[in-house]
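**Student:** One structure follows; several queries about it will come next.
The values are calculated or read from the model by the stated rules, or taken from the named source; none is laboratory data. As the structure is a prediction and not an experimental result, all values here were calculated from the model. Heads up, the Cβs are rebuilt from the backbone with ideal geometry, glycines too, and the neighbour counts pull from every protein chain shown. Surface accessibility is based on the protein's heavy atoms, side chains included, excluding ligands, DNA and RNA. Shrake-Rupley method; radii C 1.70, N 1.55, O 1.52, S 1.80 Å.
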Amino acid sequence: FHILVIMYDISDIINVKQMQIDFLRNASHELKTPITAISGFTKTLLSGAMDDKKSLVEFLKIIDQQSDQLASLVQDVLTISHIQNGTNYVYKPLALHDFVNSELKSYDSMLANNHLTIHNQIPEHVEVNTDTTILTRILRNLVSNAIKYNQPNGEITISYDDNDSYWQLIVSDTGIGIAQKDISRLFERFYRADDSRTKQKVSGTGLGLSIVKEMVDAIGGTIHVKSQRGVGSTFTVEFPLVDEDSQTDSEN
Ligand code: ADP
């Protein structure tokens, strides 16, 4: 029995070590890709391509997009340490439809490049009491996955629902979907489903959803996934309804 326990512990350690090695490899690759693109296109511009207005705009767009990706990866790593250090949440009323619209603006070129359409179906009158930083990180991770794992001419829909105890943010896509065996592991740090690593060759670190889950847990919410391979996925985040008055009290 003792030996079994030790073996179990060792294999656990090996798994964690392997995942950390994979993570470092993925993260370095992820960092290298945008840096190479930014530096390459900048050098091309500086060595003459700048004189051609069309190339100038085209290359600047790529540089802009790649810098965003770089910032997002660094943000993910920072968010992990932020959550681990404990965070103070600040709840404020927010017009959800407009907030989502303004967030979606930064995805315009990514959507156009991938021939994707996005629909904001959140009713305009909806107001939620929420921590904007947390909501932003959750939304960005889910939307960028819905883009990355979509199919050409695909669609993404963002919608809202509520009841007496929670409100829901629902992000659904018509993408590659997720195999049943992967669904229970999606929220593990570093985990990436086989389809996205091998078939689709989409780059990523396997960090995004683990961060989403940690944030959702931290604010007392839940997250569910429904998915069918080749058809699409729906991620539903439930945010507990926070009483504004009690929030004000606890802040004083
Ligand atoms: P990353 O996208 O960096 O790999 P995530 O933690 O955000 O990491 O996602 C983990 C895995 O879950 C992804 O590698 C992918 O296999 C799968 N996944 C996440 N979102 C979707 C989606 N909308 N459609 C299909 N697969 C998804």
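**Student:** Under 13 Å Cα to Cα from LYS17, which aspartates and glutamates show up? Leave out anything in the same chain fewer than 8 places away.
**Tutor:** Here the aspartates and glutamates satisfying the reach criterion relative to LYS17 are ASP9.
**Student:** Over 23 Å between C-alpha atoms is what I'm after, so list which of LYS53/LYS148; LYS92/LYS226; LYS61/LYS148 land there.
**Tutor:** With Cα atoms farther than 23 Å apart: LYS53/LYS148; LYS92/LYS226.
**Student:** Expected output is a single nm value to one decimal: the length gained when fully extending between LEU78 and THR44, i.e. 0.36 nm times separation in residues minus the C-alpha distance. What is it?
**Tutor:** 9.1 nm
**Student:** Which Cα, out of PRO93, LEU142, THR130, lies furthest along the positive dipole direction of the range 55-176 (beta carbon charges, K/R +1, D/E -1)?
**Tutor:** Comparing the listed Cα positions along the dipole, LEU142 ranks first.
**Student:** Please give the length that would be gained between ILE62 and ASN163 if that part of the chain were fully extended, namely 0.36 nm times their separation in residues minus their C-alpha to C-alpha distance (nm, one decimal).
**Tutor:** Once the chain is fully extended between ILE62 and ASN163, it gains 32.1 nm.
**Student:** If you don't mind, there's one more thing I want to ask. State the extension gain, in nm to one decimal, for the chain segment bounded by ALA71 and GLN180, taking 0.36 nm per residue of separation less the distance between their alpha-carbons.
**Tutor:** My answer for the length gained is 36.1 nm.
**Student:** Next question, about the same structure. P(r) tail for the range 139-214, what percent of Cα pairs lie past 18 Å?
**Tutor:** 44
**Student:** Which percent of the accessible area of the range 40-129 is formed by carbon and sulfur heavy atoms (probe 1.4 angstrom)?
**Tutor:** Answer for the range 40-129 is 54 percent, counting heavy atoms of protein chains only.
**Student:** Using each residue's phi in the range 157-168, evaluate 6.51 cos²θ - 1.76 cosθ + 1.60 at θ = phi - 60° and report the 3J(HN,Hα) Karplus result to the nearest Hz, with x for Gly and Pro.
**Tutor:** 10, 10, 9, 9, 8, 7, 8, 5, 10, 8, 10, 10
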